[in-house]
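Everything below concerns the one structure shown next.
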Amino acid sequence: MSLQNTEMFDRIAKKYGIVNTIFSFGLDKYFRNSAAKIAIRENSSCTVLDTATGTGDFLLALIKRSLEINTRLSITGIDLSSKMLEIAKKKLSKFRDVKLYVMDATMTSFTDSSFDIITNSMALRNFDSKADFLRNHSGYLGQEEGLSF
């Protein structure tokens, strides 16, 4: 993602949620909940890397889903916009297994096979090189795990 995109997301952070709702005609919540149902399946525990975390709405959907099916999540959320993550930290403050970092999703350095699931909610369009993003993240998954976009 470019510096220009980062600055734009920092500027609109406070209004991002309402803008998403308006532009999607209110379907953004449905999309997040549907994707969470696909991503989080019954399991005793699951490690998640969420890229382009933004204001944390998708993480809330993942957590809600995990509570419905009694799956323990450990979530790492990354985003280039510090302002977006400030809002996410407030929304997610009561959940202890959530770590948020300001980080470029195309240049991460996690260890291989460190996540069960990698998610990206409606943000793939913002990456300059989708191929670099996918190539960088494919090694972070365990053998039987997957991506959810």
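The numbers here are math on the coordinates, done by the rules we state, and not lab data. From a predicted model like this one, the values you see are computed outputs, not experimental measurements. Quick reminder, even Gly has a Cβ in these numbers, built from the backbone with ideal geometry, and neighbours come from all protein chains shown.
Points worth noting:
- Candidates per chymotrypsin sites (Phe, Trp or Tyr not before Pro) in segment 1-54, loop by DSSP, up to 16 other Cβ within 10 Å: PHE25
- With all projection directions averaged, the alpha carbon convex hull of segment 1-95 covers 6.1 nm².
- Within the straight-line cut-off of under 20 Å between alpha carbons, the lysines reachable from LYS15 are LYS29, LYS83, LYS89, LYS90, LYS91, sequence neighbours fewer than 8 places apart in one chain being disregarded.
- Of the GluC sites (Glu not before Pro) in segment 1-82, those whose Cβ has at most 15 other Cβ within 10 Å and which sit in DSSP loop: GLU42
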